[in-house]
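Read the figures in this text as sums done on the coordinates, not as results from a lab. In this text the structure is predicted, and so the values were computed from the model without any measurement. Cβ sites come from the backbone with ideal geometry, for glycine too, and all protein chains shown count toward neighbours.
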């Protein structure tokens, strides 16, 4: 079973920041937080991952609370192409470890 | 970056026939690959872990005799849906991790299977 909970859906205006929350209150000390997204009828796309510190890359920023029980994915300037299902997953980094997907959040970016 | 190629992207087959789906890691070796199934408007469900040179590990409730997995090389895993039935119609997705860099797991583009 998935160990994270996310809101089922969110709307965001084009050009504005999209903030997607994730709760992972039972996360273990060595588990990372991964974020993926899936655009309709495609395979999931890696976005970002982190352990304790906040992370940023060309796609997004990941803010992890100090107690690591929740995190927020931030898309700084959402576009219509960011409309997708976003999945937050907690998993160990070890090679071969499997990713278990929850229901995710449907993000709808609107013009 | 790491690339996983999945083929075919879609396939239609008749009930009772078998269908093979290929998953290749193009620029890295993967001793472990994963197979997922996704029904419409649902999340990805992990079916099995494919291990190079050994038997696959199936998740609870997944019929190993129906979904045959072969991982004969470090860059290729195949999923064969045997004696397919309409209820096997689904979106099948594979994934692998390169084991280098900070990248997460890379997913194939998926295979849409329709059994008629």
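Report the Stokes-Einstein translational diffusion coefficient (µm² s⁻¹, integer) for the protein assembly as shown, Rh taken as the Kirkwood radius over Cα pairs, at 4 °C with viscosity 1.567 mPa s.
71
May I ask you to work out the translational diffusion coefficient for segment B:1-40 at 4 °C, viscosity 1.567 mPa s, via Stokes-Einstein with Rh from the Kirkwood sum over Cα pairs, reported in whole µm²/s?
Estimated diffusion coefficient is 105 µm²/s.
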**OP:** Please find the FRET efficiency linking residue B:60 to residue A:45, where r is the Cβ-Cβ separation and R0 is fixed at 25 Å, and quote it to the nearest 0.05.
**Re:** 0.35
Original post:
If the chain between residue B:39 and residue B:70 were fully stretched, how many nm would it gain, using 0.36 nm times the residue separation less the Cα-Cα distance?
Top reply: 8.9 nm
**OP:** Would you look at the GNM of chain A, springs on alpha carbons closer than 10 Å, and say which of A:71, A:90, A:28 moves the most?
**Re:** A:28
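Provide a whole-number value for the mean count of partner chain Cβ atoms within 10 Å of the Cβ atoms in peptide A:82-91.
On the way: counts 0, 0, 0, 3, 0, 2, 0, 2, 0, 2.
Mean inter-chain Cβ contacts per residue within 10 Å come to 1.
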**OP:** List the relative contact order of chain B as a percent without decimals, with contacts defined as Cα pairs under 8 Å and 6+ residues apart.
**Re:** 37
Original post:
Which whole-number percent of Cα pairs in segment B:47-115 have a distance greater than 15 Å?
Top reply: 59
Subject >> Alpha-carbon centroid distance for the pair segment A:40-71 / segment B:45-98, whole angstrom >> reply: 28
Original post:
So how do B:49, B:57, A:4 line up by other beta-carbon neighbours within 10 Å, fewest first?
Top reply: B:57, B:49, A:4
Original post:
Using 13 Å as the cut-off for backbone N distance, which residues of segment A:1-35 belong to the label zone defined by a point 7 Å from the Cα of residue A:110 along Cα→Cβ?
Top reply: A:10-14
Original post:
Along the principal axes of its C-alpha atoms, what lengths does segment A:1-49 span, in descending order and rounded to whole Å?
Top reply: 36, 22, 19
**OP:** Can you put B:7, B:85 in order of Cβ neighbours within 10 angstrom, beginning with the fewest?
**Re:** B:85, B:7
Subject >> Ranking of A:100, B:81 by count of other Cβ atoms within 10 Å, fewest first >> reply: A:100, B:81
Subject >> Cα-Cα pairs of chain A separated by more than 18 Å (percent) >> reply: 45
Original post:
When DSSP beta bridges are limited to those with both residues in the protein assembly as shown, what percentage is antiparallel, rounded to the nearest 5?
Top reply: 90
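For chain B, compute the orientation-averaged projected area of the C-alpha convex hull (one quarter of its surface), in nm².
Its Cα hull, projected and averaged over all orientations, spans 6.9 nm².
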